[in-house]
Amino acid sequence: MKKHTLAIGMAGLITCFSSQADTLLGLYAGAQGWNMETTGGFSDDGSNIAFNFDDKTKSSFYVALEHPIPLVPNIKLQRTAMDTAGDVLVSASFTFGDEIFTADSTALSDVKLTSTDAILYYEIFDNDLLSFDLGINAKYIDGELFVIDKNDPTNSGREAFSGVVPMAYSRIAIGIPATGLGAYVEGSFLSFDDQTLSDYQAAITYSLMENFAIDLTFQVGYRNVKLELDDLDGIYSNLEFKGAFAGLEVHF
């Protein structure tokens, strides 16, 4: 009888410890494949030229650390590649990178762009049914923009730019008990003068594995990023990146 009592007590202690460990410290890591459609254009003088961009499949990775230390925010880091390319039949002459592109020529564009989010947030409400996070996001945008004359490749303009944009951040998630299903909406937003930036995603989730050591969740959803820049390091844009994504998240 004592052996059975001891075994039951040890099992309860292990369960309690595992629950407390998850409460005390949680590490999340995720990866997503994004079927990205791009519209809009850019310039270095405010006269944005709209290109016909190709659809691309890009990647996004993130890690998040949650802890119970009072007043100290949790942290999430996310990096997203948004490279794309396109072309346009020039209707009126324009200048980019100190090079002139004449009317009736075909201009090719090559966009090298990454977005890195450093998010500090608090869990305002958190349980298995509903969670709500609120914080700030320092979004670092880093890119190189190329425009090339298709008929004369020696005529090409290049501009590099980078900058940090402070944004408001929030996330709300819900879970459906005993099904493994859930959903979340997450986003960052800034609107100031002529600068408007937004980055949001909505997804349905399904728990593939859940035990004491690891949780594995599948995600499928939609993401939209708008970059309406007004002289960010000399670059103007009205670009929009959007499309469906699928991903996996691991919780240790």
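What follows is calculated from the coordinates using simple rules that are stated; it is not laboratory data. Computed from a predicted model, the values in this text were never measured in an experiment. Quick reminder, even Gly has a Cβ in these numbers, built from the backbone with ideal geometry, and neighbours come from all protein chains shown.
A few comments on the model shown:
- Only lysine pairs 8 or more places apart or on separate chains count here, and in the chain those with Cα atoms under 28 Å apart total 25.
- Dividing the convex hull volume of the alpha-carbon atoms in segment 85-134 by its residue count gives 172 Å³ per residue.
- Database remark: amide H of residue 83 closer than 5 angstrom to the amide H of 113 (H placed geometrically; neighbours at sequence offset of 5 or more, or on other chains; Pro and chain starts carry no H).
- Loop-located trypsin sites (Lys or Arg not before Pro) in segment 161-247 (DSSP state other than H, G, I, E, B) with a sparse environment of at most 16 neighbouring Cβ atoms within 10 Å are absent.
- Chain lengthening between residue 172 and residue 210 when straightened (0.36 nm per residue, less Cα-Cα): 11.6 nm
- Largest-first principal axis extents, alpha carbons of segment 155-252, Å: 57, 32, 23
- Using alpha-carbon coordinates, inclination of helix 2-24 to the longest axis of the chain, degrees: 20 degrees
- Cβ-Cβ distance of residue 108 and residue 194, R₀ of 35 Å, FRET efficiency by 1/(1 + (r/R0)^6): the value works out to about 0.80.
- Using R0 = 45 Å, the C-beta based FRET efficiency linking residue 93 and residue 129 works out to 0.15.
- Only the Cβ atoms of Lys and Arg (+1) and of Asp and Glu (-1) were treated as charged; on that basis the dipole of the chain about its Cα centre amounts to roughly 1540 debye.
- Debye equation applied to the C-alpha atoms of the chain, log10 I(q)/I(0) at 0.07 Å⁻¹: -0.33
- Converting the Cα gyration tensor eigenvalues of segment 110-182 into ellipsoid dimensions via √(5λ) gives semi-axes, longest first, of 43, 17, 6 Å.
- Table column - 3J(HN,Hα) (Hz), segment 26-35, Karplus curve with 6.51, -1.76, 1.60, x for Gly and Pro: x, 10, 10, 9, x, 9, 9, x, 10, 7
- Cut-off 15 Å, label 7 Å out along Cα→Cβ of residue 39, residues of segment 215-252 by amide N: 223-228, 238-244
- Within the chain, helix-based [θ] at 222 nm, where runs of 4 or more DSSP H residues each add -39,500 (n - 2.57), nearest 500: -3000 deg cm²/dmol
- Directionally averaged shadow of segment 45-136, computed from the convex hull of its alpha-carbon atoms, nm²: 9.4 nm²
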